[in-house]
Amino acid sequence: MPERNGKKILGNNIRKHRKMKGMTIVELAGRVHPDGDFYSHLSRIELGKLACSVETIFSIAHALQIKPSELLEIEDSWQEAVNYNIH
């Protein structure tokens, strides 16, 4: 069953979209916070070890040119299982 931990869902989705865009974590970190060192923070978010603010989610989504909601999406297979158990 797919992960249901919010931090891991967020981290996995960031990594998935970053890789789909062909970006390294260093490149993404630089786009999110060009003025500072965001690499270690972003790395811990991607690993699901660190929660982040809504503002950070919006900044990451903007840097990836996606909707913030895409970073919080749960895998379809897990959602289907949830829907099946509800009905």
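Pick out the one residue from G22, G48 that is surrounded by fewer than 14 Cβ atoms within 10 Å (Cβ to Cβ), on the phi > 0 side of the Ramachandran plot and either modelled with pLDDT of 95 or more or of a type outside the set (D, E, K, R) (or both). Please lay out each step first, then the result.
Values: G48 fails: surrounded by fewer than 14 Cβ atoms within 10 Å (Cβ to Cβ).
Exactly one of G22, G48 is surrounded by fewer than 14 Cβ atoms within 10 Å (Cβ to Cβ), on the phi > 0 side of the Ramachandran plot and either modelled with pLDDT of 95 or more or of a type outside the set (D, E, K, R) (or both), namely G22.
Would you please name the residue that is nearest to the chain's Cα centre (by Cα), looking only at residues in region 1-31 that are among the small types (G, A, S) and not in a loop (DSSP other than H, G, I, E, B)?
Looking only at region 1-31, we keep the residues that are among the small types (G, A, S), and these are 6, 11, 22, 29-30.
Cutting the leftovers down to not in a loop (DSSP other than H, G, I, E, B) gives us 6, 11, 29-30.
Working: G6: 10, G11: 4, A29: 13, G30: 16 Å.
Applying the filter and picking the extreme gives G11.
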Residue hits (region 32-49; assigned to a helix (DSSP H, G or I) and charged (D, E, K, R)) are R44, E46
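The values are calculated or read from the model by the stated rules, or taken from the named source; none is laboratory data. Quantities reported herein were computed from a predicted structural model and do not represent experimental measurements. Cβ: placed from backbone, ideal geometry, glycine included. Neighbour counts: every protein chain shown.
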